[in-house]
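> Take this structure, written in structure tokens, and hold onto it; I'll ask about it next.
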Protein chains: 2
Amino acid sequence: MTQYQADSFDPRLDLVLERVIEVPPSLVWRAWTEPEHIKQWFTPKPWKTVECEIDLRPGGIFRTVMQSPEGENHDNVGCCLEVVPNKKLVFTECLGPGFRPRDGGLMTAIVLIEPSGSGTRYVACALHKDEADRKKHEDMGFQFGWSKCLDQLVELVTRLKN
Amino acid sequence: MTQYQADSFDPRLDLVLERVIEVPPSLVWRAWTEPEHIKQWFTPKPWKTVECEIDLRPGGIFRTVMQSPEGENHDNVGCCLEVVPNKKLVFTECLGPGFRPRDGGLMTAIVLIEPSGSGTRYVACALHKDEADRKKHEDMGFQFGWSKCLDQLVELVTRLKN
């Protein structure tokens, strides 16, 4: 666990996906921060990410529109909080662009990327306000969903690399 | 208006106090960021700020405990978002320390400080999620309260200066 996680990650409240993947940190960063890439891996198929907008600075928008297999769109607006290129991205659903308060946000997401051998140690945390929200997110399929998306990210990045 | 405000301040949703004060920006910054100073000006008398905790970095805590004249304590926990020494402080009530989501936050506060002659141009904005929250904050006495507190800040900083 990194210093950051030791400070703020709480297993009672939070969820985490941690894995070593065989692609370089710089490409994982690009996959996470460039809208054209996000659209290719961010939602577990057969769901799609049909729109994405990222203004990569504290206070900048982080927005995705997810489309269900039935064609229903879900608009998710959030705000970037910390941006450390190739290392750390933090964004929250509890604020909109310009740090404006917004209702109904479930989580703050922390993505940590660091070199591990020839690949990347990848840690994605979802921070929640209470145990009920952690449970809700778990029941929505956090582990399966985020893990399947990570497979899709690795597949995309492997194509970018070659 | 600064660039930042032009980007995010919305008169339908937000409240602002703007004034030129005859104290230097560096001392206004200290008054806003050092707990011992905050306790002396942050609540309009006869209210008191009886506790204050600030970890001055994005993700760090911004907490005050306000005490009513009847002795009732109100604990306000928030999170620092942007820290630009002597220039800009942003914190929100919608997140707790470590950027953890929290319920019931009314505003994100943006404090802008810049030199103006021998003094400081002081701008304090409160950003809200909707018009109802702006109205609620206005009815709680935003203009009177924040203005009176600014008088107290100027009084404190004038003492520090001499």
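> Of these, B:V23, B:V28, which one is away from chain A (no Cβ under 14 Å), open to solvent by less than 10 Å² (accessible area, probe 1.4 Å) and closer than 28 Å to B:D139 by Cβ?
Values: B:V23 fails: closer than 28 Å to B:D139 by Cβ.
Step by step, each of B:V23, B:V28 is checked, and only B:V28 is away from chain A (no Cβ under 14 Å), open to solvent by less than 10 Å² (accessible area, probe 1.4 Å) and closer than 28 Å to B:D139 by Cβ.
> Separate question: For the stretch B:97-107, how many residues meet the condition of being more than 7 Å from chain A (Cβ to nearest Cβ) and either more than 19 Å from B:H128 (Cα to Cα) or in contact (Cβ under 8 Å) with a residue 40 or more places away in the chain (or both)? Working first, answer last.
Restricting attention to the stretch B:97-107, the residues satisfying the condition of being more than 7 Å from chain A (Cβ to nearest Cβ) are B:97, B:104, B:106.
Next, only the ones that are either more than 19 Å from B:H128 (Cα to Cα) or in contact (Cβ under 8 Å) with a residue 40 or more places away in the chain (or both) stay: B:97.
Of the residues in the stretch B:97-107, 1 are more than 7 Å from chain A (Cβ to nearest Cβ) and either more than 19 Å from B:H128 (Cα to Cα) or in contact (Cβ under 8 Å) with a residue 40 or more places away in the chain (or both).
> Oh, and also: Among the residues of the stretch A:69-78, is there at least one that is within 14 Å of chain B (Cβ to nearest Cβ) and touching a helix residue (DSSP H, G or I) at 6+ places or on another chain (Cβ under 9 Å)?
Yes, the stretch A:69-78 contains at least one residue that is within 14 Å of chain B (Cβ to nearest Cβ) and touching a helix residue (DSSP H, G or I) at 6+ places or on another chain (Cβ under 9 Å).
> I've got another one for you. What residue, among those in the stretch A:83-96 that are open to solvent by less than 60 Å² (accessible area, probe 1.4 Å) and either on the phi > 0 side of the Ramachandran plot or not hydrophobic (A, V, I, L, M, F, W, C) (or both), is farthest from the other protein chains (Cβ to nearest Cβ)?
Narrowing the stretch A:83-96 to residues open to solvent by less than 60 Å² (accessible area, probe 1.4 Å): A:83-84, A:88-96.
Filter again for either on the phi > 0 side of the Ramachandran plot or not hydrophobic (A, V, I, L, M, F, W, C) (or both), leaving A:88, A:92-93, A:96.
On the way: A:K88: 11, A:T92: 6, A:E93: 8, A:G96: 8 Å.
Per the stated criteria, the residue is A:K88.
> Further, regarding this structure: For the stretch A:121-134, what are the residues that are part of a helix (DSSP H, G or I) and either of a type in the set (A, V, I, L, M, F, W, C) or open to solvent by less than 30 Å² (accessible area, probe 1.4 Å) (or both)?
Narrowing the stretch A:121-134 to residues part of a helix (DSSP H, G or I): A:131-134.
If the condition is that a residue be part of a helix (DSSP H, G or I) and either of a type in the set (A, V, I, L, M, F, W, C) or open to solvent by less than 30 Å² (accessible area, probe 1.4 Å) (or both), then A:A132, A:D133 are the ones that fit.
> Got at least one residue in the stretch A:59-66 being in contact (Cβ under 8 Å) with a residue 40 or more places away in the chain, within 13 Å of another protein chain (Cβ to nearest Cβ) and within 23 Å of B:R57 (Cα to Cα)? Spell out the reasoning first.
So in the stretch A:59-66, the residues in contact (Cβ under 8 Å) with a residue 40 or more places away in the chain come out as A:59.
In the following step, the residues that additionally are within 13 Å of another protein chain (Cβ to nearest Cβ) were identified as A:59.
Filter again for within 23 Å of B:R57 (Cα to Cα), leaving A:59.
So far as the stretch A:59-66 goes, yes, one or more of its residues are in contact (Cβ under 8 Å) with a residue 40 or more places away in the chain, within 13 Å of another protein chain (Cβ to nearest Cβ) and within 23 Å of B:R57 (Cα to Cα).
> Any residue at all in the stretch A:1-18 that's of a type in the set (V, I, T) and modelled with pLDDT under 95? Can you show your working first?
Quick first cut of the stretch A:1-18, residues of a type in the set (V, I, T) only: A:2, A:16.
Narrowing the set further to residues that are modelled with pLDDT under 95 leaves A:2.
Scanning the stretch A:1-18 turns up at least one residue that is of a type in the set (V, I, T) and modelled with pLDDT under 95.
> For B:L127, only one of the following conditions fails: (1) within 14 Å of chain A (Cβ to nearest Cβ); (2) within 18 Å of B:T43 (Cβ to Cβ). What is its number?
Against the list (1) within 14 Å of chain A (Cβ to nearest Cβ); (2) within 18 Å of B:T43 (Cβ to Cβ), B:L127 comes up short only on (2).
> Let me ask something else about it. Every residue in the stretch A:135-148 that is closer than 20 Å to A:C79 by Cα and either away from chain B (no Cβ under 14 Å) or surrounded by 22 or more Cβ atoms within 10 Å (Cβ to Cβ) (or both), please. Before the answer, list the steps.
The initial filter retains those residues of the stretch A:135-148 that are closer than 20 Å to A:C79 by Cα, namely A:137, A:146.
Residue satisfying the conditions is A:W146 alone.
> Anything in the stretch B:102-112 that is open to solvent by 10 Å² or more (accessible area, probe 1.4 Å) and of a type outside the set (D, E, K, R)? List them, or say none.
Once the filter is applied, which keeps residues that are open to solvent by 10 Å² or more (accessible area, probe 1.4 Å) and of a type outside the set (D, E, K, R), the stretch B:102-112 yields B:G104, B:G105, B:L106, B:M107, B:L112.
> With A:G78, A:G71, A:G96 as the choices, which residue is small (G, A, S) and in contact with a Ser or Thr (Cβ under 8 Å, 6 or more places away or on another chain)?
Working: A:G71 fails: in contact with a Ser or Thr (Cβ under 8 Å, 6 or more places away or on another chain); A:G96 fails: in contact with a Ser or Thr (Cβ under 8 Å, 6 or more places away or on another chain).
Step by step, each of A:G78, A:G71, A:G96 is checked, and only A:G78 is small (G, A, S) and in contact with a Ser or Thr (Cβ under 8 Å, 6 or more places away or on another chain).
The values are calculated or read from the model by the stated rules, or taken from the named source; none is laboratory data. Please read these numbers as outputs of a predicted model, since none were measured by experiment. Reconstructed Cβ throughout: ideal geometry from the backbone, glycine too, with neighbour counts over all protein chains shown. Surface areas here come from the heavy atoms of the whole protein model, side chains and all, with no ligands, DNA or RNA. Shrake-Rupley method; radii C 1.70, N 1.55, O 1.52, S 1.80 Å.
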